[in-house]
Structure formats: C-alpha cells, structure tokens
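This is the structure I want to talk about, given as structure tokens.
The values are calculated or read from the model by the stated rules, or taken from the named source; none is laboratory data. This is a predicted model, so every value here is computed, not measured. Every residue, glycine as well, gets a Cβ built from its backbone with ideal geometry; the counts of neighbours run over all protein chains shown.
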Amino acid sequence: MFAIVEIAGSQYRVQENDVISVPSLGGDAGQEVSFTNILATGDGENASIGAPYVDGTVTAKIIGHAKGEKIIVFKKKRRKGYRKKNGHRQGYTDIQITGISVA
C-alpha cells in the first residue's frame, strides 16, 4: 500500500519502511510522529483520492536530523563596491515510515 502525504508543504509518495528526508521537524531521534494530510492512497488495484484529504494517518519514526550542502548567496552591485557573501545550510529530518492506516 502506498500513500501520498503532505509534509511541511511538500508532497511525498511513501510506503511502509521507506526512509525519506523531509524539511526539519521538531522532535528527538526515536520519537513517533503522525501525519493526517493524506492526499491519496492505493494498492495494486484500488486507489482512493481525497477531496482534499483521505481519512487516515501515516505514522513515522524520526531517525535523526542533518544539514544539507552549503549554498552560497552572493550579492553585488556593480560600480558601487558593494559585495556581500553569505552561506546557508538547510536543516533536514530523516524519517522512517512505520505504518499507513486508512479509515
């Protein structure tokens, strides 16, 4: 069974035991989290699409937190002597899907 779930404004297609990286979530490693914004579910033959959501929950376990690669932000105004260099590393949370239950 698979589900398309909305997590932090992005949509992910997940199955049981999948490990995905999502934008940073609050919580410690080993903690259980659940998501109720399920857009669609299905198995090999049957599919159900929500309007806008399907009743059910997707439960997951937080594996850990990490940061992505550094992105350089460089601003410049020509002929003015203005140069500004900043860096940014986006925070991510790795989660493992433990169950999908649909009502």
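Please give the number of the condition A3 fails out of (1) over 15 Å from T93 (Cα atoms); (2) assigned to a loop (DSSP other than H, G, I, E, B).
Exception for A3: condition (2).
Could you grab me the full set of residues in segment 30-58 that are of a type in the set (S, T, N, Q) and either in a strand (DSSP E or B) or over 19 Å from T93 (Cβ atoms) (or both)?
Keep residues of segment 30-58 that are of a type in the set (S, T, N, Q), which gives 31, 34, 36-37, 41, 46, 48, 57.
Once the filter is applied, which keeps residues that are of a type in the set (S, T, N, Q) and either in a strand (DSSP E or B) or over 19 Å from T93 (Cβ atoms) (or both), segment 30-58 yields S34, T41, N46, S48, T57.
Filter segment 30-72 down to residues that are closer than 15 Å to V14 by Cα and among the charged types (D, E, K, R) and give me whichever is surrounded by the fewest Cβ atoms within 10 Å (Cβ to Cβ).
So, considering only residues that are closer than 15 Å to V14 by Cα and among the charged types (D, E, K, R), the one surrounded by the fewest Cβ atoms within 10 Å (Cβ to Cβ) is D43.
While we're on this one: Do we have D55 as in contact (Cβ under 8 Å) with a residue 60 or more places away in the chain, touching a strand residue (DSSP E or B) at 6+ places or on another chain (Cβ under 9 Å) and of a type in the set (D, E, K, R) here? It would help to see each step written out before you state the result.
Numbers: in contact (Cβ under 8 Å) with a residue 60 or more places away in the chain: no; touching a strand residue (DSSP E or B) at 6+ places or on another chain (Cβ under 9 Å): yes; of a type in the set (D, E, K, R): yes.
For D55, the condition - in contact (Cβ under 8 Å) with a residue 60 or more places away in the chain, touching a strand residue (DSSP E or B) at 6+ places or on another chain (Cβ under 9 Å) and of a type in the set (D, E, K, R) - is not met.
Would you tally the residues in segment 49-83 being more than 20 Å from E6 (Cβ to Cβ) and of a type outside the set (A, V, I, L, M, F, W, C)?
Count: 15.
Here is a list: G68, G9, G64. Which entry is more than 20 Å from I100 (Cβ to Cβ) and under 12 Å from the mean Cα position of the chain (by Cα)?
Details: G68 fails: under 12 Å from the mean Cα position of the chain (by Cα); G64 fails: under 12 Å from the mean Cα position of the chain (by Cα).
Being more than 20 Å from I100 (Cβ to Cβ) and under 12 Å from the mean Cα position of the chain (by Cα) holds for just one of G68, G9, G64, which is G9.
OK, next. Based on what the data block shows, is G27 part of a loop (DSSP other than H, G, I, E, B) and under 12 Å from I95 (Cβ atoms)? Explain how you work it out, then say what you get.
On the way: part of a loop (DSSP other than H, G, I, E, B): yes; under 12 Å from I95 (Cβ atoms): yes.
Yes: the conditions hold for G27.
Let's see how each residue does on (1) aliphatic (A, V, I, L, M); (2) modelled with pLDDT under 95:
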{"residue": "V14", "(1), (2)": "yes, no"}
{"residue": "G27", "(1), (2)": "no, yes"}
{"residue": "T41", "(1), (2)": "no, no"}
{"residue": "A47", "(1), (2)": "yes, yes"}
{"residue": "A51", "(1), (2)": "yes, yes"}
{"residue": "I62", "(1), (2)": "yes, no"}
{"residue": "Y82", "(1), (2)": "no, no"}
{"residue": "V102", "(1), (2)": "yes, yes"}
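Evaluate the following for K75: is it assigned to a strand (DSSP E or B), surrounded by 15 or more Cβ atoms within 10 Å (Cβ to Cβ) and either over 19 Å from the mean Cα position of the chain (by Cα) or charged (D, E, K, R) (or both)? First the steps, then the outcome.
Working: assigned to a strand (DSSP E or B): yes; surrounded by 15 or more Cβ atoms within 10 Å (Cβ to Cβ): no; either over 19 Å from the mean Cα position of the chain (by Cα) or charged (D, E, K, R) (or both): yes.
So K75 does not fit the description; no.
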